[in-house]
Amino acid sequence: MQEGSLEAPTRHPIAWQDEDFYDEEKLDAELRRVFDICHGCRRCFNLCDSFPRLFDLIDESETEMVEDLASEEFAPVIEACTLCDMCFMVKCPYVPPHEFDLDFPHLMLRARAIDHKKGNTGLADKQLAKTDRNGKLGTMMSEVVNWATKEGNGITRPLMEKVGGIDRKAFLPEYEETPLVNKAGAAIPAPNREAPNFGRKAAIYATCYGNFNDQTPGEAALKVLAHNGVSCRIEHPHCCGMPLLENGDLEGVAKSAEKVAEEFGELIDRGYDIVALTPSCALMLKFEWPLILPDNPAVQRLAEHSYDLSQYVVMLAKDKGLAPVPEMASKVGIHFACHSRAQNIGPQAMEMLKHIPGAEPSIVERCSGHGGKWGIMKDNFDIAVKMARPVIRNLKKADPDYIVTECPLAGPHLKQVMEMADGDAAPDRVGHPIEILAKAYGF
Ligand code: SF4
Ligand code: SF4
């Protein structure tokens with residue numbers, strides 16, 4: 001059951017351009033105010049590692065009072081927040097417009113932004129956030145990079161662990177040989193003129209992961225949308241900046257937003273809908289960017305024209321109907337990823353797969369534990385594995401033929417944790433739900 005506020009949560013613009021935002025005394029006072037409310041509430045005890053760290057910190061202190069804690073003790077709580085937004089979106093009754101005005105994730109973001117401004121972002125965090133640069137290099141030298149980053153590589157992975165803090169056991173995404181946007185001409189099928197939605201136009205935002213690391217969802221999306229009459233193009237103007245957001249680099253995120261909004265603005269003028277392949281990136285376009293640049297009309301306009309992939313297919317189905325989907329009797333376990341939930345659009349993957357006659361989709365709403373780059377770090381990987389286990393347990397209850405998730409990081413993470421437990425019996429792939437629809441269509 002969904003908890004949270006009785007009214008729809010609203011969010012304030014992020015005041016990252018105000019001096020006050022970086023005032024450490026004011027941050028400290030706000031952390032104490034919010035932590036004290038959370039201490040009395042505790043609804044979020046099992047959402048992530050941030051809240052258990054906070055509650056243990058208070059419970060194990062001498063007076064069990066937030067006001068008596070030292071400010072330095074807050075660091076592990078802030079570090080453990082992956083900015084998944086779950087506490088804000090689905091649990092907290094005190095979010096605005098409530099008078100307590102509590103936005104836990106954006107408070108953690110503010111603390112990170114101050115830390116970033118002080119020059120405290122680590123080398124590995126900075127390098128991992130350069131996803132476009134990494135993607136270009138990774139695809140250019142995919143053979144060598146994929147060899148070097150493979151788990152079990154006894155030469156490179158211990159070194160990466162020592163220098164960059166990346167756990168040697170963690171799966172790291174492989175790189176494709178050619179970015180998806182460079183293959184676009186060959187990869188985009190012509191729109192089906194017989195389909196009810198013929199005439200619609202979609203610019204698919206490839207996103208870093210969909211462009212450089214795993215092109216299966218993008219290729220499936222192109223086929224499904226074209227079969228449904230949508231004229232597609234695939235674009236990747238720039239990273240959405242989510243990894244920079246995790247680092248608290250709000251200026252960097254704003255630059256990404258300005259660039260992408262300008263390029264997509266021209267396509268919106270020409271009648272294109274913007275469809276993001278990755279939920280985290282859709283969340284940035286739709287919600288975070290407008291709060292970071294509230295006075296930028298191009299950013300606001302992009303938000304109004306942006307869709308999550310599953311949401312877009314469901315919208316096509318509601319609008320004029322989908323091209324007939326052949327029967328495919330199969331049970332599909334859907335992991336409802338945090339950034340899909342945080343878009344506040346309901347379980348769109350579930351809705352999408354209900355259009356397959358004979359399919360039995362079921363859903364599990366719980367964090368996979370990966371949390372952007374958080375789950376690959378040495379300090380966090382074992383916790384990320386622990387967090388994935390109940391998700392898998394619940395997914396398996398329905399005895400699914402396929403397990404899917406809209407999050408491209410949660411997918412390989414869940415697969416890795418299943419491999420740890422089940423070896424060869426683990427599924428070959430935990431991909432995007434659009435791949436199941438593409439399969440039903442016979443692609
Ligand atoms: S945003 Fe997510 S990770 Fe951060 S505190 Fe809330 S639930 Fe935990
Ligand atoms: S974020 Fe809200 S719901 Fe969660 S523990 Fe704090 S006060 Fe309670």
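The values are calculated or read from the model by the stated rules, or taken from the named source; none is laboratory data. All figures in this text were calculated on a predicted structure; none of them were measured in a lab. All Cβ positions, glycine included, derive from the backbone under ideal geometry; neighbour counts span all protein chains shown. Note: areas computed on protein heavy atoms with side chains; ligands, DNA, RNA excluded. Shrake-Rupley method; radii C 1.70, N 1.55, O 1.52, S 1.80 Å.
Can you name the helices (runs of 4 or more DSSP H) wholly within the range 92-189 that have at least 2 residues being away from ligand 1 (no atom under 16 Å from the Cβ), open to solvent by less than 30 Å² (accessible area, probe 1.4 Å) and within 21 Å of Trp374 (Cβ to Cβ)? Step through it out loud before you land on a result.
Numbers: elements: 104-117, 123-128, 131-140, 142-149, 156-164, 180-187.
Once the helices (runs of 4 or more DSSP H) in the range 92-189 are filtered for at least 2 residues that are away from ligand 1 (no atom under 16 Å from the Cβ), open to solvent by less than 30 Å² (accessible area, probe 1.4 Å) and within 21 Å of Trp374 (Cβ to Cβ), what remains is 131-140, 156-164.
Residue by residue through the range 274-291, note down the ones that are crowded, with 24+ Cβ neighbours inside 10 Å and of a type in the set (A, V, I, L, M, F, W, C).
Ile274, Val275, Ala276, Leu277, Cys281, Ala282, Leu283, Met284, Leu285, Trp289
Which of the residues that make up the range 70-99 are within 16 Å of ligand 2 (Cβ to nearest atom), closer than 18 Å to Arg32 by Cα and of a type in the set (A, V, I, L, M, F, W, C)?
Selection gives Phe74, Val77, Ile78, Ala80, Cys81, Cys87, Phe88, Cys92, Val95.
What number of residues in the range 45-66 are within 12 Å of ligand 2 (Cβ to nearest atom), modelled with pLDDT of 95 or more and assigned to a loop (DSSP other than H, G, I, E, B)?
The total comes to 0.
Any residue that is under 29 Å from Arg341 (Cβ atoms) and in contact with a Cys (Cβ under 9 Å, 6 or more places away or on another chain) - is there at least one of those in the range 161-174? Steps first, please.
If we filter the range 161-174 for residues that are under 29 Å from Arg341 (Cβ atoms), which is where we start, we get 165-167, 169-174.
Those still in the list that are in contact with a Cys (Cβ under 9 Å, 6 or more places away or on another chain) too: none.
Taking every residue of the range 161-174 in turn, none turns out to be under 29 Å from Arg341 (Cβ atoms) and in contact with a Cys (Cβ under 9 Å, 6 or more places away or on another chain).
I'd like the full set of residues that are open to solvent by less than 20 Å² (accessible area, probe 1.4 Å) and farther than 24 Å from Pro347 by Cβ, limited to the range 365-379.
Ile376
Only one residue in Val391, Val385 is touching a residue at least 12 places away in the same chain (Cβ under 8 Å), hydrophobic (A, V, I, L, M, F, W, C) and away from ligand 1 (no atom under 16 Å from the Cβ), so which one is that?
Details: Val391 fails: away from ligand 1 (no atom under 16 Å from the Cβ).
That would be Val385, the only listed residue that is touching a residue at least 12 places away in the same chain (Cβ under 8 Å), hydrophobic (A, V, I, L, M, F, W, C) and away from ligand 1 (no atom under 16 Å from the Cβ).
Output the number of residues of the range 29-44 satisfying the condition of being touching a Phe, Trp or Tyr at 6+ places or on another chain (Cβ under 8 Å) and more than 10 Å from ligand 2 (Cβ to nearest atom). Quick ask: steps written out before the conclusion?
Step one: of the range 29-44, the residues touching a Phe, Trp or Tyr at 6+ places or on another chain (Cβ under 8 Å) are 31, 34-35, 37-39, 41-42, 44.
Narrowing the set further to residues that are more than 10 Å from ligand 2 (Cβ to nearest atom) leaves 31.
Result for the range 29-44: 1.
Which residues, counting only those in the range 67-91, are over 24 Å from Ala113 (Cα atoms) and either open to solvent by 30 Å² or more (accessible area, probe 1.4 Å) or in a loop (DSSP other than H, G, I, E, B) (or both)? Show your work before the answer.
If we filter the range 67-91 for residues that are over 24 Å from Ala113 (Cα atoms), which is where we start, we get 68, 90-91.
Listed by number, the residues that qualify are Asp68, Lys91.
Criterion first (under 29 Å from Glu161 (Cα atoms), within 16 Å of ligand 1 (Cβ to nearest atom) and touching a residue at least 60 places away in the same chain (Cβ under 8 Å)) does Cys84 satisfy it?
Values: under 29 Å from Glu161 (Cα atoms): yes; within 16 Å of ligand 1 (Cβ to nearest atom): yes; touching a residue at least 60 places away in the same chain (Cβ under 8 Å): yes.
Spelling it out, Cys84 is indeed under 29 Å from Glu161 (Cα atoms), within 16 Å of ligand 1 (Cβ to nearest atom) and touching a residue at least 60 places away in the same chain (Cβ under 8 Å).
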